[in-house]
Amino acid sequence: MNYKRKNTQAQPPLENFSDAKITKNPDVAGGSKAVMSSTQHAFKEMGTLRTLQTLRKVNQKDGFDCPGCAWPDPEDKRSVVEFCENGVKAVAEEATKKRVTPQFFGEWSVDKLSLQSDYWLGKQGRLTHPVYLAPDASCYEEISWEDALEKITTKLKDLESANDAVFYTSGRTSNEAAFLLQLFARMLGTNNLPDCSNMCHESSGMGLKQVIGIGKGTVTLEDFEHAECIVVLGQNPGTNHPRMLTALQKAARGGCQIITINPLSEVGSNRFAHPQEVSGLMGVNSTKLTSLFLQVKINGDVALLKGILKAWLALDEQNDKRLIDYDFIEKNTVGFDAFCTDIREESWEIIVEESGISQEKIEEATQIIAHAKSMICCWAMGLTQHKNAIANIQNVVNLLLLGGHFGRKGAGACPVRGHSNVQGDRTVGITSNPPQALLENLSKVFDFTPPQQKGYDTVAAIEAMYDSKVKVFFSMGGNFLSATPDTEYTATAMSNCDLTVHVSTKLNRAHLITGKESIILPCLGRTEQDVQNGKLQFCSVENSMGIVHKTQGLLTPASTELRSEIWIVREMAKAMFPEKFAWDSMDNYDVVRECIEKTIAGFDNYNKRVHDGFYLPNAVRDKCYFATSSEKGVFTSHPIPRSTLQKDEYMMMTIRSHDQYNTTIYGLSDRYRGIHNTRRVILMNRSDMENAQLKQGDHVDITSHFSGEKRIARKFMVVEYDIPACCVATYFPEANVLVPIGHKADGSNTPASKSIVVTLVKFNADRD
Ligand SMILES: Nc1nc2c(c(=O)[nH]1)N[C@H]1C(S)=C(S)[C@@H](COP(=O)(O)OP(=O)(O)OC[C@H]3O[C@@H](n4cnc5c(=O)[nH]c(N)nc54)[C@H](O)[C@@H]3O)O[C@H]1N2
Ligand SMILES: Nc1nc2c(c(=O)[nH]1)N[C@H]1C(S)=C(S)[C@@H](COP(=O)(O)OP(=O)(O)OC[C@H]3O[C@@H](n4cnc5c(=O)[nH]c(N)nc54)[C@H](O)[C@@H]3O)O[C@H]1N2
Ligand SMILES: [Mo]
């Protein structure tokens, strides 16, 4: 392990499981337990006054956008409490009263910090000062902003090639900061702009763009009220998008049929008691959400979707061709005949074997789908993080095209985004593969020649760093070490840089595996007031449904030494390219928004419209226009992926617990899955456990297998769970060490972190 500075650990430490407890899953999500869990957390982190003050402003027009997820806010009737349990935790995590000061760094060497758990690291509080880790030093030390920025810009100026620098963005960054960062990187001369989206919905963006001409969803929140059928695939909204449950509840109450496709029967998708309704809070009135649950095998979605498509074609024949929207297909699509031939040729035997769902169940789902006049398909990481992710997404589109579910009320595609501004960051130019129009506009507006060569995405950046081709790694938020695949490989990669820089709110493991030198720049978060030159500023973000709106914090910043992300990039730009722009004028963020308006389509009148929020244009949704080369929606055919599992091998997915936000661990329990006080668990099917002679509570080492390579993660506790045979589940980021860097989605390069082939052996403390 040559990444080691001294004795740093890239992986979280092992557990002793002394407090671990496994209970039955609850039946209902939400209710009073959700309120209790969130308020306890909030009061502990923020205190009573700050909690009340802060929560009043979450997702309100005059407040700040919840940093939790990208689910949209209702446009009119907003509740005074427009947030959810996990939103409260996300806010509390940022608005905590605890602080990580230079004194703290003096007491805690990087080595010592790395032995602590991710939970512990996050719980230390907000970063207060810029700190610097000198070559061979063991502790970070305080550094002035001036000196920190000087070190960074000097390194950048000295680069032989701009492509020796990488600029990563995580999805909490505002439109304004993201726009400036991509501008800065391109002025420097590189498109090395990887982002968290590369590990997230990249497959959705690419898959959709090829077949419907836009890489985003095509529905509004209102559409959920008009859908007759909603299919939720590979998503756990009860935990990761709890406010979506309100939309699903409304739909279910209105008679909409909800089909859930998931290897796990997630509590949040089953029943929901709205904590903001008195009856829901008391637990006396919960709503059944899922009407049909299909417990698909991990990565069995292509098989299952093709099964539904096959059954639909047959059902349509039996119903005098009244169940397929032939008019829509004729007018708006290409590829229908070849698609039908491919679907008809699929065998039921393979469909059932690979999906794990019987033909009868598939036909039952098809009855609902084929008869729905309006259907929405929602999905998240269960579809995007597979080798064949694009085939997953394009088969969802096939389903929507067959029923004509585009450009119609109550219907469409809904990739549910993760980070609260991951979609906006992309819109304003964070991408390693920029569209020509963006480069041309940048060149016109800012008078420079942007680089044409494609840059590194996340996986390519790690590989380049591993090969010592990157000198400076700059991260705008996120946790590049723990969120990325192949933790040990990535650790080596990061340590091969000359300088690693993190603009962050909280301490995380990526700060501990460093280049020769490292700098942490502490920034303002969403909840905090951003005052520039004596004037209060605000930023803007785009939600999962393409609405751009204002976000403005209210709290006094955690420290006087915090700077806004915009200020940081602007200062770097001023030092590097003083003649290119009157950078100081950007202390008024309206000026940044004017630049965005001039460069990116759809932002007309940005500074005026941002106050109320506005939809970005969406040709598919607005006028059923598909911007593909044929100007039509495209039917596609993809073979069913065949399982290659050998005896004693399992297919592992890495998922989120109810008490984490990506690599930020709020707590050690996963209430909805009955797992308490532990995270190093592996969920297994009972018959698999019997065959492997394992009992609940046993400890195992997990080995992943990929192209002859092996990776190992030690000491996980076996938990019996209702999961299909030969499928297992572990939590991200503990299991990321098992995700091979080379195992990724075809076309989108997204790490395939939901389909890892693994074997298990009993844990033995004496083993090397
Ligand atoms: N509280 C909280 N909120 C969050 C986050 C968080 O960590 N915590 N993260 C944010 C981010 S960045 C994102 S991207 C989203 C993530 O939101 P999700 O995508 O809901 O998150 P995951 O836990 O990765 O869960 C994926 C779901 O897919 C299922 N699944 C796994 N493999 C397959 C498969 O092969 N087929 C099918 N059909 N299902 C499968 C799993 O059982 C699980 O229910 O949430 C966002 N919101
Ligand atoms: N195995 C496996 N790996 C995965 C996934 C999976 O499902 N399985 N999911 C993937 C997905 S979907 C995603 S999106 C990525 C997430 O990847 P990242 O976005 O890189 O990771 P996060 O854990 O969200 O980043 C947390 C850190 O962001 C910083 N931060 C928080 N708020 C702010 C802010 O306002 N400004 C700044 N500058 N910093 C801030 C804090 O320092 C915090 O420690 O992980 C991916 N990795
Ligand atoms: Mo994500």
Can you report the number of residues in the stretch 442-461 which are among the small types (G, A, S), part of a helix (DSSP H, G or I) and out of contact with any Gly (no Cβ under 9 Å at 6 or more places or on another chain)? 2
Residue check: is V459 of a type outside the set (D, E, K, R), within 16 Å of ligand 3 (Cβ to nearest atom) and over 21 Å from D158 (Cβ atoms)? yes
(1) of a type in the set (D, E); (2) under 25 Å from L616 (Cα atoms); (3) surrounded by fewer than 23 Cβ atoms within 10 Å (Cβ to Cβ): which one isn't true of D223, the others all being true? (3)
Which condition number does S265 fail, the rest of (1) within 16 Å of ligand 2 (Cβ to nearest atom); (2) part of a loop (DSSP other than H, G, I, E, B); (3) out of contact with any Leu (no Cβ under 9 Å at 6 or more places or on another chain); (4) closer than 17 Å to V28 by Cα being met? (1)
Checked against (1) within 16 Å of ligand 3 (Cβ to nearest atom); (2) out of contact with any strand residue (DSSP E or B) (no Cβ under 8 Å at 6 or more places or on another chain), G478 satisfies every condition except (2)
Among D73, D62, the single one that is touching a strand residue (DSSP E or B) at 6+ places or on another chain (Cβ under 9 Å), at pLDDT 80 or above and surrounded by 13 or more Cβ atoms within 10 Å (Cβ to Cβ) is D73
Which numbered condition trips up G217, out of (1) more than 16 Å from ligand 3 (Cβ to nearest atom); (2) in a loop (DSSP other than H, G, I, E, B)? (1)
Got at least one residue in the stretch 302-309 being surrounded by fewer than 19 Cβ atoms within 10 Å (Cβ to Cβ) and either at pLDDT 95 or above or in a helix (DSSP H, G or I) (or both)? no
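Just to check your reading of the model, which residue among K33, K4 is surrounded by 14 or more Cβ atoms within 10 Å (Cβ to Cβ), modelled with pLDDT under 85 and not in a loop (DSSP other than H, G, I, E, B)?
Only one candidate passes the filter, namely K33.
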Hey, any hits in the stretch 472-486 for a residue that's away from ligand 2 (no atom under 15 Å from the Cβ) and farther than 19 Å from A10 by Cα? yes
Residue count, the stretch 610-638 (criterion: surrounded by 13 or more Cβ atoms within 10 Å (Cβ to Cβ) and either among the aliphatic types (A, V, I, L, M) or free of Cβ contacts under 8 Å to residues at least 12 places away in the same chain (or both)): 5
Answer with yes or no whether K250 is surrounded by 24 or more Cβ atoms within 10 Å (Cβ to Cβ) and in contact (Cβ under 8 Å) with a residue 12 or more places away in the chain. no
How many of the residues making up the stretch 462-521 are assigned to a loop (DSSP other than H, G, I, E, B), buried (at least 24 other Cβ atoms within 10 Å of the Cβ) and among the charged types (D, E, K, R)? 1
When restricted to L193, L221, L233, the only residue closer than 26 Å to S265 by Cα, under 19 Å from the mean Cα position of the chain (by Cα) and in contact (Cβ under 8 Å) with a residue 40 or more places away in the chain is L233
Among helices (runs of 4 or more DSSP H) completely within the stretch 58-165, the ones holding 2 or more residues that are more than 26 Å from the chain's Cα centre (by Cα) and over 30 Å from T220 (Cβ atoms) are 102-107, 110-114, 145-158
For strands (runs of 3 or more DSSP E) lying entirely in the stretch 680-768, having 1 or more residues that are over 19 Å from I298 (Cα atoms) and free of Cβ contacts under 8 Å to residues at least 40 places away in the same chain picks out 709-720
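The values are calculated or read from the model by the stated rules, or taken from the named source; none is laboratory data. No experiment lies behind these values; they were computed from the predicted model shown. We place every Cβ from the backbone using ideal geometry, glycine too, and count neighbours over all the protein chains shown.
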